[in-house]
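Here's the structure, in structure tokens; my notes come after.
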Amino acid sequence: MREPYRTTTVYFQVDPQVPEPRPIELAGDAIRAGGLVAFPTETVYGLGANALDETAVEKIFRAKGRPANDPLIVHIADVSQLPGLAVPVPEIAYRLFQRFAPGALTLVLNKREAVPANLTAGMDTVAVRIPDHAVALALIKAAGRPIAAPSANRFSRPSPTTARHVAADLEGRVDIILDGGPTAIGLESTILSLVRETPQVLRPGGVSLEELRAIVPDLTYQPQYLTDDAAAPSPGSMLKHYSPRATVILFRGDDDLAVWAAMKAFADDHDHVGLMTLEQDVSRFADLDVKVESLGADLDAAATRLFAALRSLDSRGVKWILARAPDTTGVGLAIGDRLLRAAEGVVIDVKPVV
Ligand code: TXA
Ligand code: MG
């Protein structure tokens, strides 16, 4: 087992809209020197290193405790950096980035030799995105290099949407944490592979399938939930992911009343129950001895609060976390995917009451 990367962590507050030049310069220097910098993006916080420096990339894996077979996403400031990482760059990649960059879309392309093998977990493809966040873009420019960055959490923990989450997981394992406040989307980017005959979504995320289909009508999405690491054809698709310490139980069903009744029955039968639900449904659980986290008024709000709610319920000492699977349209698809992984596949299908 590799030793974890150890260092002294320095924190800087940065303005998320107009980042102060001094901390950005220092963070850029740290990246060039082979160090690790955690920074905000519009999706979640990233744990960044110089993407073209194999030793720096290795530190990311050691800091996170991330298995070597799970490749990283490379962050660039604009499309002019794309040909330095990928070859060929198909025309569709430019069209997609024209529409969705900067933004929560990651494209998988055939990699150039300059991209280190450990970054791509030995594969001949590379994942690239242009984050929509002034701090991330300023950092990439200050570093003068593309920045490899997975989500800045310990392996299999919920992704961080605040600098405090990053600190909780990585204090002493990252050189600099740039604190630019909470992230806007709260779920990771959508990953779209362009290396096969038909474009294939590998992970639903901040850009919805409906939006993508407007440009790539023939894209496919085949959810993959693997429990056996060795069998993973597309790395990072392991079922266990985003796990809080508590056990997450996902309730699925179209009949609102039946689903709420099933959740209440579970809460009645168990101790130390936590629950996540939309704001308008919080009052339904008022008479129960459960700790409730509101996910806000709609699914966009729920996306921003989901990972924080998992961490918060953990810190409130619950043993169980109940949640309801949302509709699979729009951002609901990505929320459902994250919930299913947090629940490690444990779903209760609630039949309608007839
Ligand atoms: O929004 C995001 O994408 C965030 C922020 C920091 O940019 N990053 C992120 O990285 O979520 P991470 O490491 O937590 O997830 C990256 C995913 C992994 O599941 C990995 O398997 C997949 O991207 N990936 C990376 N390179 C790939 C490749 N060449 N082919 C297929 N999948 C790849
Ligand atoms: Mg991650």
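No value in this document is a laboratory result; all are computed from the given coordinates. Owing to the predicted nature of the structure, the values given are computational and were not obtained by experimental measurement. No Cβ is skipped: glycine too gets one built from the backbone with ideal geometry, and neighbour counts run over all protein chains shown.
Just to confirm the number: angle between the C-alpha axis of helix 54-64 and the first principal axis of the chain, 0 to 90 degrees, nearest 10?
20
Figure the gain on full extension for Lys240 and Tyr225 (residue separation times 0.36 nm, minus the Cα-Cα span) and round it to one decimal in nm. Write down the numbers at each step before the final one.
Values: separation 15, 0.36 × 15 = 5.40 nm, distance 0.85 nm.
In short, 4.6 nm is gained.
Sequence-distant or interchain residues sharing an amide H contact under 5 Å with Val10, placed H: which?
Ile176, Ile177
Show the residues, 5+ positions off or on another chain, whose built amide H is closer than 5 Å to the amide H of Ile321.
Excluding prolines and chain starts, which carry no amide H, the hits are Thr247, Val248, Ile249, Gly274.
Using a 7 Å offset from the Cα along the Cα-to-Cβ direction at both Arg99 and Thr55, what is the distance between the two label points in nm, to one decimal?
Distance between label points: 4.3 nm.
Please list 171-179, 86-94 highest first by mean number of surrounding beta-carbon atoms within 10 Å per residue. Intermediate results must be reported in sequence, preceding the final value.
Details: 171-179: 21.7, 86-94: 15.1.
Listed from highest to lowest mean packing, they are 171-179, 86-94.
Using the Karplus equation 6.51 cos²θ - 1.76 cosθ + 1.60 (θ = phi - 60°), what ³J(HN,Hα) coupling, rounded to whole Hz, does each residue of the stretch 77-93 give in order, writing x for Gly and Pro?
With the stated coefficients, the stretch 77-93 comes to 8, 7, 5, 5, 7, 5, x, x, 10, 10, 8, x, 9, x, 4, 4, 5 Hz.
Which ³J(HN,Hα) values in Hz, rounded to whole numbers, follow from the phi angles of the stretch 172-183 under the Karplus curve 6.51 cos²θ - 1.76 cosθ + 1.60, where θ = phi - 60° and Gly and Pro get x?
After applying 6.51 cos²θ - 1.76 cosθ + 1.60, I find x, 10, 9, 6, 9, 10, 8, 9, x, x, x, 7 Hz.
If a/c stays under 1.5 just call it rounded; otherwise compare a/b with b/c (prolate if a/b is bigger, oblate if not). Do that for the stretch 252-354, with a ≥ b ≥ c from the square roots of the Cα gyration tensor eigenvalues. Write out the running numbers ahead of the final one.
Details: a/c = 1.39, a/b = 1.05, b/c = 1.32.
Taking the square roots of the gyration eigenvalues as a ≥ b ≥ c, the stretch 252-354 is rounded.
Shape of the chain from its Cα gyration tensor (a ≥ b ≥ c, root eigenvalues): rounded if a/c is under 1.5, otherwise prolate when a/b > b/c, or oblate?
On the way: a/c = 1.86, a/b = 1.45, b/c = 1.28.
In terms of gyration-tensor shape, prolate.
How many percent of DSSP beta bridges within the chain run antiparallel, rounded to 5? Walk me through the numbers on the way to the answer.
Values: 17 of 49 bridges.
Counting only bridges with both partners in the chain, antiparallel ones make up about 35 percent.
Cut-off is 10 Å between beta-carbons; in what order do Glu113, Glu42 appear when sorted fewest neighbours first? Could you put the intermediate results ahead of the total?
Working: Glu113 8, Glu42 19.
Fewest-to-most Cβ neighbours within 10 Å comes out as Glu113, Glu42.
Summing -39500 (n - 2.57) over the DSSP H runs of n ≥ 4 in the chain and dividing by its residue number, what mean residue ellipticity at 222 nm do you reach, to the nearest 500 deg cm²/dmol?
Details: 9 runs with 98 residues, N = 354.
Only helices count here, giving -8500 deg cm²/dmol.
May I ask you to evaluate 6.51 cos²θ - 1.76 cosθ + 1.60, the Karplus curve with θ = phi - 60°, for each residue of the stretch 134-140 and list the ³J(HN,Hα) values in order in whole Hz, giving x for glycine and proline?
Running phi through 6.51 cos²θ - 1.76 cosθ + 1.60 with θ = phi - 60° gives 4, 5, 4, 5, 5, 5, 4 Hz.
Quick check: net charge around Gly330, other residues with Cβ under 9 Å of its Cβ, Lys/Arg +1 and Asp/Glu -1?
Details: positive: none; negative: Glu210, Glu211, Asp300, Asp327.
That sum, taken over residues with Cβ under 9 Å, equals -4.
Relative to the first principal axis of the alpha-carbon coordinates of the chain, what is the inclination of helix 256-269, with its axis defined by its Cα atoms, in degrees from 0 to 90 and to the nearest 10?
Between the helix axis and the principal axis of the chain, the angle is about 80 degrees.
Give the cross-link partners of Lys264 among the lysines, using a straight C-alpha distance below 29 Å as the criterion and excluding same-chain residues fewer than 8 apart.
Here the lysines satisfying the reach criterion relative to Lys264 are Lys240, Lys291, Lys319, Lys351.
Which value in nm describes the separation of the simple spin-label points at Ala68 and Glu210, placed 7 Å from the Cα toward the beta carbon?
4.4
Once amide H atoms are built 1.01 Å from N in the peptide plane, which residues 5 or more positions from Gly296, or in another chain, come under 5 Å H to H?
Here the answer is Glu279, since their amide H atoms fall under 5 Å of that of Gly296.
Arranged from highest to lowest average of other beta-carbon atoms within 10 Å per residue, in what order do the peptides 322-333, 272-283 appear?
Details: 322-333: 19.7, 272-283: 18.2.
Ranked by mean Cβ neighbours within 10 Å, highest first: 322-333, 272-283.
Just how large is the dipole of the stretch 247-349 about the Cα centre, in debye to the nearest 20, putting +1 at every Lys and Arg Cβ and -1 at every Asp and Glu Cβ?
Working: 11 positive and 18 negative charges, 84 e Å.
Computed charge dipole of the stretch 247-349: roughly 400 debye.
Just to be sure I understand the model, the point goes 7 Å from the Cα along the line to the Cβ. What's the resulting Glu25 to Lys141 distance in nm?
So the two model labels end up 1.5 nm from each other.
Pull out a ≥ b ≥ c, the square roots of the eigenvalues of the alpha-carbon gyration tensor of the stretch 1-159, then state rounded if a/c is under 1.5, prolate if not and a/b is larger than b/c, and oblate in the remaining case.
On the way: a/c = 1.63, a/b = 1.11, b/c = 1.47.
Note, shape of the stretch 1-159 comes out oblate.
Among Gln17, Trp320, Asn118, which residue has its Cα furthest toward the positive end of the charge dipole of the chain, with +1 on Lys/Arg Cβ and -1 on Asp/Glu Cβ?
Farthest towards the positive end: Asn118.
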